[in-house]
Amino acid sequence: MRPLILVTNDDGVFSPGLAAAAQAVRQLGDLLIVAPRRQQTTMGRSFPRTEGAGIIETLQLRLQGTEVRAYGVHGSPAQAVAHAVLELADRLPDLCVSGINYGENLGLSLTCSGTLGAVFEAFSHGIPGLAMSLATPLHLQHAEDYPELSWSAAQYFTGLLAAGILDHGLPAATSLLNVNVPASATATTGIRITRQSRLAHSVFSRPAARSFDTALQLGTELNPQLSRVETDSDIHALCFGKVVSVTPIGWDLSANATLECKPL
């Protein structure tokens, strides 16, 4: 039986990056395309209890001239994955591919990333994950009009790494691969195995003085401390090495530490 590949994202079911990811892996197995109906960037692994959550729309996407079925879930990326596994899949998927994301997922941003949230949810069901992101200017990363980008290099690496996971599995103690592709990448760009940086790639900007009864979305900017980033990190590989960063990520968040607790 051909592998079943769940393809999802956090940018929404009509994102060109989702279509690029689906096209990259369509020859590797049967596709189940399930993604948020609308833009859900930075939702992490949240399960919002919003009105209409859990509605599933059956849609059609075009992949290189071919119509394929997709499902748009009203909810977060993690909700899309949960509904895919529990309601839409006829068997447990062999792999979850999340992306290709508009924008990097590096360093301390991983826990708020919807792209990562989707594959974390998949792994909670026993499904290995591949999170794919393409470096994109910050001001385009939450766009709902899907600005035009070149997906070819990220698409190539999606297919390459997905095939590797299906053939060989993930390394021991690894839940997913977090992959970040430079905007300048081609199919010949090098790959570097990295660690998650302890720095944030982007940080929130301090707002100007304002009235607190007015709504505000915090803006972001590149971290001014990036020059101090660890040389073996995902941030350094992408931003300074201009290579594809592949970071094996484990599920266990426990620190290797000893605590002394005195009774009260």
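No lab work stands behind these numbers, since they all come straight from the coordinates. Model, not experiment: these values are computed from the prediction. Counting neighbours? That spans all protein chains shown, and the Cβs are built from the backbone with ideal geometry, glycine included.
Here the peptides 56-66, 36-46 are ranked by packing, the mean other Cβ count within 10 Å, and the order with the highest first is 36-46, 56-66. Here, the stretch 135-178 is characterised by an Rg to Rh ratio of 1.12, where Rg is the alpha-carbon radius of gyration and Rh the Kirkwood radius. Taking every DSSP helix (H) stretch of at least 4 residues in the chain, weighting each as -39,500 (n - 2.57) and dividing the sum by the residue count yields a mean residue ellipticity at 222 nm of -5500 deg cm²/dmol.
Which of the following values of percent of Cα pairs over 30 Å apart was calculated from the structure shown: (1) 26; (2) 18; (3) 42? Given (1) 26; (2) 18; (3) 42, the calculated one carries the label (1).
Taking θ as phi - 60° and the Karplus parameters 6.51, -1.76 and 1.60, the scalar couplings of the stretch 165-170 work out to 5, 5, 7, 10, x, 9 Hz in sequence order, x denoting glycine and proline. Here each label is just a point 7 Å from Cα along the line to Cβ, and for residue 211 and residue 124 those points are 4.0 nm apart.
Could you work out the local net charge near residue 101, counting Lys and Arg as +1, Asp and Glu as -1, over the other residues with Cβ closer than 9 Å to its Cβ? Present the calculation step by step, with values, prior to reporting the outcome.
Numbers: positive: none; negative: 10, 11, 104.
Value of the local net charge: -3.
For the chain, the relative contact order is 19 percent, taking Cα pairs closer than 8 Å that sit 6 or more residues apart in sequence and dividing their mean separation by the residue count.
A simple spin-label model places pseudo-atoms 7 Å from Cα toward Cβ; at residue 253 and residue 142 they are separated by 2.2 nm. Phi-derived couplings, Karplus 6.51 cos²θ - 1.76 cosθ + 1.60 at θ = phi - 60°, listed residue by residue for the stretch 143-155: 5, 9, 9, 6, x, 6, 10, 8, 9, 4, 5, 4, 5 Hz, with x used for Gly and Pro.
Fewest first, what order do 175, 98, 205 take by the number of other Cβ atoms within 10 Å?
Ranked by crowding around the Cβ, least crowded first: 205, 175, 98.
Site pair residue 163 and residue 67 shows an inter-label distance of 3.1 nm when each label is modelled 7 Å from Cα along Cα→Cβ. Taken one residue at a time, the phi angles of the stretch 11-16 give Karplus couplings (6.51, -1.76, 1.60, θ = phi - 60°) of 7, x, 5, 9, 5, x Hz. Gly and Pro are set to x. By the Kirkwood approach, averaging reciprocal distances over each pair of separate Cα atoms, the stretch 1-150 gets a hydrodynamic radius of 14.8 Å.
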